[in-house]
Structures are given as C-alpha cells and as structure tokens.
C-alpha cells in the first residue's frame, strides 16, 4: 500500500514548517508532497530552504487546481491512496490509520475526517451554515448524510485519484460531494479532533462564510436538479 499525504498550501509560511516537520518526525512511513499554490509570502522559500518535497505552481489556481495537481502527481508515481491534509496545522495525522481502516473495512471511495461523526455541532453561525449545507446534500441525494461537509481532511482511493486528477474540474467542496454521491461514489466519515488555526488568516471571515454558504446551496440545488432532468 502506497499512501501520499498531499498538502495544499497558499500563504502558509507561518504554519508549513510545523506541519511538515511533524510528518517527517512522527509519520515518516508516509510520503508527502506540498502543493505551493502560487503563494505570495515565504511559503516557497521555506520549502526550498528546508529541502521539502513540493510542487511549485507559478500562479494561484485555487484549491481545486492544487488538488488536481496533487492527484496527477500521485497517479504518476503510482500511489494507491491520497490523504488531503491542510497546511494550516488544523489536522492531526494521528488519525490517518483510522481513515485507512474505514476505507478498507467498507470499500468506500472517500473517507472524511469529521468533527461531527459522533459529536454534535456547536451552535454558532458557521456551524448553522454547515448544517444547512448538510441538509441540502441530504435532500438532493436521497437521504445520504455527511456531517462535516467542509472538512479538508479526506482520504481518496485510486479511483478518486484518477477522477479528481483527470476528469471534470472537481473542486473539493460540498457541492462536489453531493454530485459524487449521486454518481454512486461511496463516502464515509470517521470522528477526528481538529485544532484551531494558530497562525495566518483564514479566507473565510463572517462575510466570506455567508457568501460561501449561499454559493454552495445554489450549486447543490441547481446542479443536482439539472443533472436529474438530464437523466430523465
């Protein structure tokens, strides 16, 4: 079994060294690659100076472009699994084996490291938005439930490596999960603990979170409806 840890990174100079050094020290049984997505800070300089394994995208392509690049890298080098791990340090690699075990036990295509598999979502504006998107996916997929729709910690099998790398322009977002579920892709969740970002700034402030939720709802309802009409 060959597993690649893929780390999309955009302006993560304050976090990337801590994330990668943890992998090198404690999880050296896994390979990793950083996808430097056209960062304008010192992310690239740090990766080069430390001798990290990284792909350097010349411009910012967005998360979907970074994921596509990482998946093509994984396919080229013959990896069986890819684990997406954010470059901000919120995800704990200690759960990697649990995600692998779930995939091997169930034969699913994607396993999501979920904050809300066995724990309830806290009552705040971001989590209310998350629950609304979860409900939208449930409504448009015939009752299939994903609790942590925005988790960036995901394990993909070989089939998904090829699909995200070479098929249509998939973004690793909730609307894509809805589309995949309606395409017969099997998705499971495993309970994990995530940490708060300790450095850097998330692009999703309150205004951005509201816009993100509206965009996802529009995409989920419109495109799922459109897809069903085409099938009819």
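The values are calculated or read from the model by the stated rules, or taken from the named source; none is laboratory data. Because the structure is predicted, anything quoted here is derived from the model rather than measured. FYI the Cβ positions are ideal-geometry reconstructions off the backbone, even for glycines, and counts take in every protein chain you see.
General remarks:
One line per residue, one yes/no per condition, for (1) at pLDDT 95 or above; (2) touching a strand residue (DSSP E or B) at 6+ places or on another chain (Cβ under 8 Å); (3) closer than 25 Å to residue 71 by Cβ:
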{"site": "143", "(1), (2), (3)": "no, no, no"}
{"site": "155", "(1), (2), (3)": "yes, yes, yes"}
{"site": "170", "(1), (2), (3)": "no, no, yes"}
{"site": "189", "(1), (2), (3)": "yes, yes, yes"}
{"site": "198", "(1), (2), (3)": "no, no, no"}
{"site": "225", "(1), (2), (3)": "no, no, no"}
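- Long-range neighbours under 7 Å by Cβ, at least six apart or interchain, first residue under 20 Å from residue 73 (Cβ atoms) within the stretch 83-108, second modelled with pLDDT under 95 and in a strand (DSSP E or B): 91/194
- Cβ-Cβ under 9 Å pairs, at least 6 apart or on other chains, the stretch 39-63 side farther than 17 Å from residue 14 by Cβ, far side outside any helix (DSSP H, G or I) and modelled with pLDDT under 95: 62/171; 63/152; 63/171; 63/172; 63/173
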